[in-house]
1. I'm checking my understanding of the structure. Among residues of the range 64-88 that are loosely packed, with under 13 Cβ neighbours inside 10 Å and free of Cβ contacts under 8 Å to residues at least 12 places away in the same chain, which one is nearest to residue 175 (Cα to Cα)?
2. Being of a type in the set (Val, Ile, Thr), part of a loop (DSSP other than H, G, I, E, B) and either surrounded by fewer than 17 Cβ atoms within 10 Å (Cβ to Cβ) or free of Cβ contacts under 8 Å to residues at least 12 places away in the same chain (or both) is the filter here; which residues of the range 37-59 pass it?
3. How about the range 253-268: which of its residues are among the aliphatic types (A, V, I, L, M) and surrounded by fewer than 24 Cβ atoms within 10 Å (Cβ to Cβ)?
4. Sort through 239, 277, 251 and tell me the only one that's at pLDDT 95 or above, in contact with a strand residue (DSSP E or B) (Cβ under 6 Å, 6 or more places away or on another chain) and either under 21 Å from residue 176 (Cα atoms) or outside the structural domain of residue 211 (by TED's automatic domain parsing) (or both).
5. Using the structure shown, decide if residue 205 is more than 23 Å from residue 83 (Cβ to Cβ), part of a loop (DSSP other than H, G, I, E, B) and assigned by TED's automatic domain parsing to the domain that holds residue 74.
Amino acid sequence: MLAALLALALATLDHDGQSYPLYPATTAQCPDLPSPLTIDGREYVIFEVHDGTFGLADVTLADHPEQVTAAVEFPALAARGLHDAAELDAVATVNGRTWAEIDEAARPGGLSWNGFVAADESAKTVIRADNELVRTLGLTHPDLARPLWHIWNLMQHDLDLDRWSMAHHQWRNVRRLKYHDHWIELDAHDTKGGQKSPFGDPLDGGFWMVFRRALTDDESAWLHEHYGRLDPARWDEMVGTLSRVYTGEMVAFFITWYGFYEGHTAWRVDPVGAARVFGLRTLEELEAAFPGRLDEVLLEHHVAVPGS
């Protein structure tokens, strides 16, 4: 164990003639590198520790097959990163569970008090609708799962290094993550209990996380210009969805395996909001994808209809 920790402490990334120490080593200056960065199939991110130093960590997804593999029921998702609508409609069971059984477990009061979908939604309706949102954005489900995996794998570094405050059930070591030229505030906690999955898979959730990237003054002005007509409650909900991701670690698995972001519940990773938080799309690009309907696509439920 000591030899392994020593080797980890001495590891470096060599790029463009420069050598950068890898975490758990940190530096006083932020590495002058893109984040995320992929070199020779390895993936790296830059982050700031609470003491003001900066780390560069290997967070490669390929080290964990479950982070890159879709459920066997969805070959189109596995091959192209998006569902084929006809294929999705034809699927009758997932992991041996019917959609009716999944919905019974997923709705509020089933496996969780809040539910994995809202009371007026179904799992398949949510998957179908979010698949079209992601397609319209010009993204794939792996594109949106990747930042969640990067953060999860970064969390694993501190869990392995015993830098997680178990006394406070909180990740107190890392403050924020650099991602596509933006800094994202990170907050994560562990829980004493576990959360089972409605899909009948082996997931047993035990963490909750909040990722925040506040709107800039220019973004706020742009939103007021285009959506200032909204009532205060709807405005606040829209801004919150565009600037904050509140979720658990299970959703990264759900997105990768099923293209499922959860329905309109407290734990949803909204694909449109997440695209902005993680710097995958600007507000103007979101508006171009959904002209005049940004509040609608962010807030309206994917309502289930008979047969869905």
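The values are calculated or read from the model by the stated rules, or taken from the named source; none is laboratory data. The shown structure was predicted, so the numbers you read here are calculated from the model rather than taken from an experiment. Backbone-built Cβ (ideal geometry, glycine too); neighbour counts: all protein chains shown.
1. Among them, the one singled out is 65.
2. Filtering the range 37-59 down to residues of a type in the set (Val, Ile, Thr) leaves 38-39, 45-46, 49, 53, 59.
Those still in the list that are part of a loop (DSSP other than H, G, I, E, B) too: 53, 59.
Once the filter is applied, which keeps residues that are of a type in the set (Val, Ile, Thr), part of a loop (DSSP other than H, G, I, E, B) and either surrounded by fewer than 17 Cβ atoms within 10 Å (Cβ to Cβ) or free of Cβ contacts under 8 Å to residues at least 12 places away in the same chain (or both), the range 37-59 yields only 53.
3. 266
4. 277
5. no
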